[in-house]
Amino acid sequence: MPAPTSKAAGQATGQSVVSYNFAYMDEQTKRMIRRSLLKAVAIPGYQVPFGGREMPMPYGWGTGGMQVSAAVMGKEDVFKVIDQGSDDTTNAVSIRAFFARVAGIRTTTATVEATLIQTRHRIPEQALREGQIMVYQVPIPEPLRWMEPSEAETRAMHALEEYGVMHVKLYEDIARHGEIATSFDYPVLVNKRYVMSPSPLPKFDNPKMNQCPALQLFGAGREKRIYAIPPYTTVTSLDFEDYPFAVQRWDVPCALCGATDSYLDEIITDDTGARMFVCSDTDHCARHAVARDMQ
Amino acid sequence: MNIAHISSATPDKHVLSVRGLSKSFTLHTQGGTTIEAFSGLNVDVQKGECLALHGPSGSGKSTFLRSLYANYKPCAGSIVVSHEGLQVDMATACPRTVLAVRQYTMGYVSQFLRVIPRVSCLDIVAERLTAHGENEQSAFEAAGEMLARLHIPERLWKLAPATFSGGEQQRINIARGFIRRYPIMLLDEPTASLDAVNRKTVVALIEEAKAVGAAIVGIFHDEAVRDAVADRVFEFRPLGQGA
Amino acid sequence: MMVAQAAKLISSATSTPISMEIMLADALDAEPALMSVRGVTHYYGDRCGCRSIDLDLWPGEVLAIVGESGSGKSTLLNLLAGRFPPSAGTIHYRDAEGVRHNINCLSEAVRRRLLRTEWGFVHQNPRDGLRMRVSAGGNIGERLMACGNRHYGKLRGSALDWLSRVEIAADRIDDRPSAYSGGMQQRLQIARNLVSSPRLVFMDEPTGGLDVSVQAKLLDLLRQLVRQLNLSVLLVTHDLVVARLLAHRMIVMRRGEIVETGLSDQVLDDPQHAYTQLLVSSILQG
């Protein structure tokens with residue numbers, strides 16, 4: 001599959017994909033997924049089973065997110081894909097190109113321009129706004145799975161709000177590491193009711209989910225589960241009274257743009273172990289660098 | 001059979017009244033053989049009185065004593081005991097009532113010490129007090145005094161009695177039985193394997209219990225002990241001999 | 001007073017002793033039964049698990065259910081713990097607020113709440129009752145966390161307290177149960193169950209898989225805890241010695257039915273039923 005840039009996307013769609021329905025999936029399937037999405041939005045944080053379809057890529061590459069994106073995508077949408085905060089990894093580029101081709105929609109790397117953002121691992125640093133939809137690719141949707149292997153049992157636990165074991169996990173962290181060492185996929189309580197796995201998001205992004213103006217949708221392709229956080233929903237990270245939830249902090253600013261408020265990736269720059277810390281959100285980093293240079 | 005009439009004029013006189021008590025064992029595993037231990041016994045015991053059961057071995061003395069404690073289930077008759085101002089028939093009382101009687105009213109010193117392995121003898125003795133809500137400190141002090149009085153050397157107090165000699169085990173059993181004052185005490189050969197010094201101590205313990213009003217029913221093979229403590233003797237004859 | 005006087009009126013007209021304990025029992029039984037079982041019957045298909053079981057359990061009482069394997073004692077225990085419904089009969093439980101519940105009509109939510117607050121279940125194999133991948137401290141703290149405790153320091157404090165009560169060294173608090181001996185695992189399972197101060201604990205052969213020397217220590221520990229916490233215990237065991245040492249009363253089962261019931265020492269020292277006599281005569285004399 002050719003990988004058009006976002007600017008080229010518009011041209012690429014014209015002559016292609018006569019054989020595909022808009023956004024690849026047939027309308028019946030999209031309706032089925034939308035029904036699941038509606039239920040998910042109605043019960044924030046609740047995992048809704050859905051009839052996951054095969055996508056033209058392996059599980060683990062974001063098939064759940066793609067099905068959700070395809071189901072909610074309209075002709076006017078502007079589509080952004082991020083992978084580990086980056087717009088230019090193979091996965092991000094390919095998914096963007098795929099939808100540019102099968103839906104003919106506009107794509108972008110700019111968070112502010114996007115109306116539909118599919119993501120793996122990050123929420124953009126740029127604050128989200130009303131009308132935007134975040135679609136998360138989720139590998140393991142069940143936050144209780146770590147403690148409880150039985151699906152029937154985890155469903156009962158959700159139904160009865162039996163969430164003590166989630167704190168056992170955090171207890172183990174503190175006992176072992178002196179602090180809550182879980183830094184990714186940090187469990188949250190949605191709308192004071194359902195404990196939810198926020199996909200492999202760094203816990204740095206957890207506060208962004210709380211009272212977020214954008215609609216947040218989660219799709220797990222392999223596990224065939226959909227869940228959602230409607231706009232302006234309370235999302236709290238689980239913690240202990242004496243070990244309150246806290247996000248990661250860095251001692252240094254981004255080596256590229258100088259930002260001090262963003263999530264930084266550590267990059268090894270040579271064989272001697274030299275390293276630098278840079279923004280994981282490439283769009284944010286680029287804009288911040290431009291703004292800094294203009295001053 | 002002569003069945004009870006408990007005098008309502010002196011209801012508190014007899015703390016233990018046995019009427020028409022019979023006991024036999026049916027051995028189902030041995031072809032349903034029935035062994036009769038005794039039948040139709042009538043006995044009254046008052047406060048502060050010591051009744052000695054006497055008779056040849058096999059005449060049913062121990063069986064009688066165990067029946068009083070509801071360790072054996074009588075076939076007929078009644079065993080009426082004054083318990084916390086009420087009259088309880090141990091022969092028919094429900095298990096919870098029997099346990100309450102055993103806890104507050106009726107003490108039993110058996111021939112053998114039967115305890116959880118690896119529990120120290122100090123704990124075994126003190127438990128009788130802590131079970132009644134006494135604090136551990138004073139319970140252990142009282143237990144220590146009692147053990148000392150029965151000449152159990154202090155170095156043994158923290159040890160479990162499983163490896164002790166028969167005489168030592170017996171003395172721990174006695175310490176356990178006497179540490180708390182029960183209105184009724186049943187003694188099954190309490191001096192059987194004791195030396196003269198400890199026999200004396202046991203006699204003193206029995207006299208003290210009587211002095212504070214305990215009714216005592218005991219089997220004493222040692223004639224001197226029996227003569228020293230018994231107010232009355234109840235004769236057992238082997239069944240079948242006089243029948 | 002009426003009761004006392006009434007109890008003293010013994011008729012001489014009848015040759016059977018009047019059961020005065022009925023009146024006395026009324027006085028004693030101001031405290032109602034914790035659990036009442038009536039006519040409980042369970043079939044696995046055509047096969048009878050247990051039949052027409054009646055029993056009462058009182059606060060602070062240890063009741064042993066004894067019998068050979070296959071006698072239906074584990075079936076009965078699981079029925080009483082509400083793990084599955086009986087084919088017939090009722091099981092009532094009186095909760096801490098005095099509310100009487102029919103175990104079989106409980107909603108799953110209430111049943112589970114009871115299981116993690118007022119009840120405990122000690123399995124024969126500690127692996128069935130512990131989280132093997134979670135540290136000892138986490139295992140003990142789980143019930144407290146499930147009941148809403150969100151203070152790490154306090155959870156830690158409770159865990160340390162309970163480790164010492166079950167005689168496990170404080171420095172083992174962060175070890176996983178897989179690093180424990182069988183006896184320690186069983187003691188940890190007991191601590192994990194008792195930390196939330198349950199009122200009723202179900203025990204399925206709690207000393208079954210242990211060495212004799214370890215058994216003795218566990219028995220002593222159980223006996224102390226039962227008394228300190230005024231626990232009611234339903235204890236399933238095939239070991240009559242364990243039943244004698246722990247239980248106030250016992251029920252002897254055979255082929256799904258109760259053949260004999262009574263005071264533990266009376267049942268063992270003067271068994272009435274042929275089957276109980278056989279069981280007792282089979283005890284190895286040590």
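The values are calculated or read from the model by the stated rules, or taken from the named source; none is laboratory data. The shown structure was predicted, so the numbers you read here are calculated from the model rather than taken from an experiment. Neighbour counts are summed over all protein chains in view; Cβ atoms, including those assigned to glycine, are modelled from backbone coordinates with ideal geometry. All accessible areas refer to the heavy atoms of the entire protein, side chains included, with ligands and DNA or RNA removed. Shrake-Rupley method; radii C 1.70, N 1.55, O 1.52, S 1.80 Å.
Within the stretch C:96-181, report the trypsin sites (Lys or Arg not before Pro) that DSSP leaves as loop and that have at most 15 other Cβ atoms within 10 Å. Provide the component values of the computation, followed by the final result.
Values: sites: C:ARG100, C:ARG111, C:ARG112, C:ARG113, C:ARG116, C:ARG127, C:ARG131, C:ARG133, C:ARG143, C:ARG150, C:LYS154, C:ARG156, C:ARG165, C:ARG172; in loops: C:ARG131, C:ARG133, C:ARG150.
Taking the stretch C:96-181 and a limit of 15 other Cβ atoms within 10 Å, the loop trypsin sites (Lys or Arg not before Pro) found are C:ARG133.
List every residue whose amide H lies under 5 Å from the amide H of B:LEU187, counting only residues 5 or more places away in sequence or on a different chain, with H placed 1.01 Å from N in the peptide plane.
B:VAL109, B:VAL217, B:GLY218, B:ILE219
Which loop GluC sites (Glu not before Pro) in the stretch A:133-197, with loop taken from DSSP, have no more than 13 other Cβ atoms within 10 angstrom of their Cβ? Mind dumping the intermediate values first?
On the way: sites: A:GLU151, A:GLU153, A:GLU161, A:GLU162, A:GLU172, A:GLU179; in loops: A:GLU161, A:GLU162, A:GLU179.
For GluC sites (Glu not before Pro) across the stretch A:133-197 that sit outside H, G, I, E and B with at most 13 neighbouring Cβ atoms in 10 Å, the list reads A:GLU161, A:GLU179.
So what's the back-of-envelope 222 nm ellipticity for chain C, counting only DSSP H runs of four-plus at -39500 (n - 2.57) apiece and dividing by all residues, rounded to 500? Walk me through the numbers before you get to the answer.
Working: 12 runs with 112 residues, N = 286.
Mean residue ellipticity, 222 nm, calculated: -11000 deg cm²/dmol.
Provide the convex hull volume over Cα atoms per residue for the stretch C:122-196, in Å³.
Details: hull volume 5.7 nm³, N = 75.
Roughly 76 Å³ of hull volume per residue.
What are the residues whose amide H is under 5 Å from the amide H of C:ILE65, where those residues sit 5 or more places off or on another chain and H is modelled from the backbone?
C:LEU235, C:VAL236, C:THR237, C:ILE251
Quick one: which residues, 5+ away or cross-chain, put their amide H under 5 Å from the amide H of C:ILE53? H built at 1.01 Å from N.
Those qualifying (amide H under 5 Å, at least 5 residues apart or on another chain) are C:GLY39, C:VAL40, C:THR41.
Go from 0 up to the bin containing the longest alpha carbon distance in the stretch B:112-240, width 10 Å each, and give me the % of pairs per bin.
12, 43, 33, 10, 2, 0
For the stretch C:53-92, divide the Cα radius of gyration by the Kirkwood radius and give the resulting Rg/Rh value with two decimals. Don't jump to the answer; show the numbers that get you there.
Details: Rg = 10.8 Å, Rh = 11.3 Å.
Ratio of gyration radius to Kirkwood radius for the stretch C:53-92: 0.95.
Any chance you could tell me what percent of the C-alpha pair distances in the stretch A:55-95 go past 15 Å? It would help to have the intermediate numbers written out before the result.
Numbers: 357 of 820 pairs.
Result for the distance tail: 44 percent.
So what is the relative contact order of the stretch C:24-131, in percent, for Cα pairs below 8 Å that sit 6 or more residues apart?
Relative contact order for the stretch C:24-131 comes out at 23 percent.
Between the stretch A:237-294 and the stretch C:51-113, what is the C-alpha centre distance in whole Å?
The stretch A:237-294 and the stretch C:51-113 have Cα centres spaced 58 Å from each other.
Report the rotationally averaged projected area of chain B based on its alpha-carbon convex hull, in square nanometres.
Working: hull surface 57.5 nm².
Result: a mean projected hull area of 14.4 nm².
In the stretch C:81-203, carbon and sulfur make up what percent of the accessible area (probe 1.4 Å)? Please list the in-between numbers first.
Values: 2230 of 4760 Å².
So the carbon and sulfur contribution to the accessible surface is 47 percent.
What are the trypsin sites (Lys or Arg not before Pro) within the stretch A:93-150 that DSSP puts in a loop, where the Cβ has at most 14 other Cβ atoms within 10 Å?
Details: sites: A:ARG96, A:ARG101, A:ARG106, A:ARG120, A:ARG122, A:ARG129, A:ARG145; in loops: A:ARG122, A:ARG129, A:ARG145.
Within the stretch A:93-150, the qualifying trypsin sites (Lys or Arg not before Pro) (loop, at most 14 other Cβ atoms within 10 Å) are A:ARG129, A:ARG145.
Over the stretch B:1-130, what percent of the accessible surface lies on carbon and sulfur atoms, probe 1.4 Å? Intermediate results must be reported in sequence, preceding the final value.
Details: 2480 of 5050 Å².
In the stretch B:1-130, the share of accessible area belonging to carbon and sulfur is 49 percent.
How long are the semi-axes of the equivalent ellipsoid of chain C, taking √(5λ) for every eigenvalue λ of the Cα gyration tensor, in whole Å from largest down? Can you show the working numbers first?
Details: eigenvalues 235, 102, 81 Å².
Listed largest to smallest, the semi-axes of chain C are 34, 23, 20 Å.
Write down the accessible area per residue of chain C in Å², having rolled a 1.4 Å probe over the full set of protein chains. Could you put the intermediate results ahead of the total?
Working: 11880 Å² over 286 residues.
Roughly 42 Å² per residue, with all protein chains present.
Based on the Cα gyration tensor of the stretch B:25-117, what are the three equivalent ellipsoid semi-axes, each the root of five times an eigenvalue, rounded to whole Å and given largest first? Mind dumping the intermediate values first?
Working: eigenvalues 108, 57, 50 Å².
The three semi-axes for the stretch B:25-117 are 23, 17, 16 Å.
How big is the charge dipole of the protein assembly as shown about its Cα centre, in debye rounded to the nearest 20, if each Lys and Arg gets +1 on its Cβ and each Asp and Glu gets -1 on its Cβ? Could the numbers behind the result be given before it?
Numbers: 87 positive and 89 negative charges, 289 e Å.
Computed about the Cα centre, the dipole is about 1380 debye.
Using the reciprocal of the averaged 1/r over all distinct C-alpha pairs, how large is the Kirkwood radius of the stretch A:54-166 in Å? Don't skip to the end; give the middle numbers.
On the way: mean 1/r = 0.0648 Å⁻¹.
Here the Kirkwood hydrodynamic radius works out to 15.4 Å.
Please provide three numbers in whole Å: the alpha-carbon extents of the stretch A:114-221 along the principal axes, with the largest listed first.
Answer, in whole Å and largest first: 40, 33, 25 Å.
From the protein chains alone at 1.4 Å, what is the descending order of accessible area for C:CYS105, B:CYS94, largest first? Intermediate values should be presented prior to the final figure.
On the way: C:CYS105 100, B:CYS94 40 Å².
The ranking, largest first, comes out as C:CYS105, B:CYS94.
Dipole size in debye (nearest 20) for chain B around its Cα centre, Lys and Arg Cβ +1, Asp and Glu Cβ -1? Provide the component values of the computation, followed by the final result.
Values: 25 positive and 24 negative charges, 90 e Å.
Rounded to the nearest 20 debye, it is 440 debye.
For chain A, max minus min Cα coordinate along each principal axis, in Å, sorted largest first?
The principal-axis extents, from largest down, are 59, 50, 37 Å.
I need the P(r) histogram for the stretch C:37-128: all alpha carbon pairs, bin width 5 Å from 0 out to the longest distance, whole percents.
With a bin width of 5 Å, the distribution comes to 3, 12, 23, 25, 21, 13, 4, 1.
Counting only protein heavy atoms, probe 1.4 Å: which residues of the stretch C:38-64 lose 30 Å² or more of accessible surface in the full assembly compared with their chain by itself?
C:TRP58
Two decimals is fine: what is log10 I(q)/I(0) at q = 0.14, 0.17, 0.27 Å⁻¹ for the stretch A:220-295, from a Debye sum with one equal scatterer on every Cα and no solvent?
-0.77, -0.91, -1.13
What do you get for the angle between helix B:166-178 and the principal long axis of chain B? Use alpha-carbon atoms, 0 to 90 degrees, nearest ten.
80 degrees
If I take R0 = 25 Å and measure r between the Cβ atoms of B:VAL197 and B:ASP227 in this structure, what FRET efficiency does the formula 1/(1 + (r/R0)^6) give, to the nearest 0.05? It would help to have the intermediate numbers written out before the result.
Numbers: r = 18 Å, r/R0 = 0.72.
Computed FRET efficiency for B:VAL197 and B:ASP227: 0.85.
Take the alpha carbon atoms of the stretch C:132-286, find their radius of gyration, then divide it by 2.2 N^0.38 Å using N residues; give the quotient. Please report the intermediate quantities before stating the final value.
Working: Rg = 17.8 Å, N = 155, 2.2 N^0.38 = 15.0 Å.
For the stretch C:132-286, the normalised Cα radius of gyration comes out at 1.19.
What quantity of accessible surface, computed with a 1.4 Å probe and excluding non-protein components, is buried in total between chains C and A, in Å² to the nearest 100? The partial results should precede the final answer.
Working: alone 14630 and 14040 Å², together 26710 Å².
That pair of chains buries around 2000 Å² in total.
Which whole-number percent is the relative contact order of chain A (Cα, under 8 Å, 6+ apart)? If you can, show how the numbers build up before the last one.
Values: 597 pairs, mean separation 61.1, N = 295.
Taking the mean separation of contacting Cα pairs over the length of chain A, I get 21 percent.
Roughly how many Å² is the accessible area per residue of chain A, as a whole number, for a 1.4 Å probe?
Values: 13050 Å² over 295 residues.
Dividing the accessible area of chain A by its residue count gives 44 Å².
Could you sort the residues of the stretch B:109-130 by number and keep only those whose accessible area is reduced by 30 Å² or more in the all-protein-chain setting relative to the chain alone, 1.4 Å probe?
B:ARG114, B:ILE116, B:PRO117, B:ARG118, B:VAL119, B:GLU127
If you take the accessible area of B alone, add that of C alone, and subtract the area of the pair, what total do you get in Å², probe 1.4 Å, to the nearest 100?
Working: alone 12240 and 14630 Å², together 23340 Å².
So the buried area, both faces added, is about 3500 Å².
Using a probe radius of 1.4 Å on heavy atoms only, what accessible surface per residue do you get for chain B? Whole Å² is fine. Don't skip to the answer; put the middle values down first.
Values: 10480 Å² over 243 residues.
In whole numbers, chain B has 43 Å² accessible per residue.
Work out how far the C-alpha atoms of the protein assembly as shown reach from end to end along every principal axis, then list the three figures in whole Å, largest first.
Computed over the protein assembly as shown, the largest-to-smallest principal extents equal 124, 58, 48 Å.
At 7 Å along the Cα-to-beta-carbon direction for both A:ASP88 and C:SER36, put a label point, then send me their distance in nm to one decimal.
Taking the simple label geometry, A:ASP88 and C:SER36 are separated by 7.9 nm.
Looking at chain B, what % of its DSSP beta bridges pair antiparallel, to the nearest 5? Spell out each step's value before the answer.
Working: 19 of 36 bridges.
Antiparallel bridges: around 55 percent, rounded to the nearest 5.
Could you list the square roots of 5 times each eigenvalue of the Cα gyration tensor of the stretch A:168-295, that is, the equivalent ellipsoid semi-axes, sorted largest first and rounded to whole Å? Spell out each step's value before the answer.
On the way: eigenvalues 170, 86, 44 Å².
Those come to 29, 21, 15 Å.
Against the empirical 2.2 N^0.38 Å scaling, what ratio does the C-alpha Rg of the stretch B:74-124 come to? Intermediate values should be presented prior to the final figure.
Values: Rg = 14.2 Å, N = 51, 2.2 N^0.38 = 9.8 Å.
The value comes to 1.44.
For chain C, calculate the relative contact order in percent as a whole number, restricting contacts to Cα pairs under 8 Å that are 6 or more residues apart.
Details: 482 pairs, mean separation 65.7, N = 286.
It rounds to 23 percent for chain C.
Name the residues of the stretch A:151-184 whose accessible area falls by at least 40 Å² when all protein chains are present instead of the chain alone, probe 1.4 Å?
A:LEU160, A:GLU162, A:GLY164, A:HIS167, A:VAL168, A:TYR171, A:GLU172, A:ALA175, A:ARG176
Kindly write out, for the stretch C:41-49 in residue order, the coupling ³J(HN,Hα) from the Karplus curve 6.51 cos²θ - 1.76 cosθ + 1.60 (θ = phi - 60°), rounded to whole Hz, with x marking Gly and Pro.
Here the 3J(HN,Hα) series is 9, 9, 10, 9, x, 8, 8, 7, x Hz.
Peptide C:139-145: average number of partner chain Cβ atoms within 10 Å per residue? Kindly include the intermediate steps, with their values, before the conclusion.
On the way: counts 2, 0, 6, 6, 1, 3, 10.
Rounded to a whole number, the mean comes out at 4.
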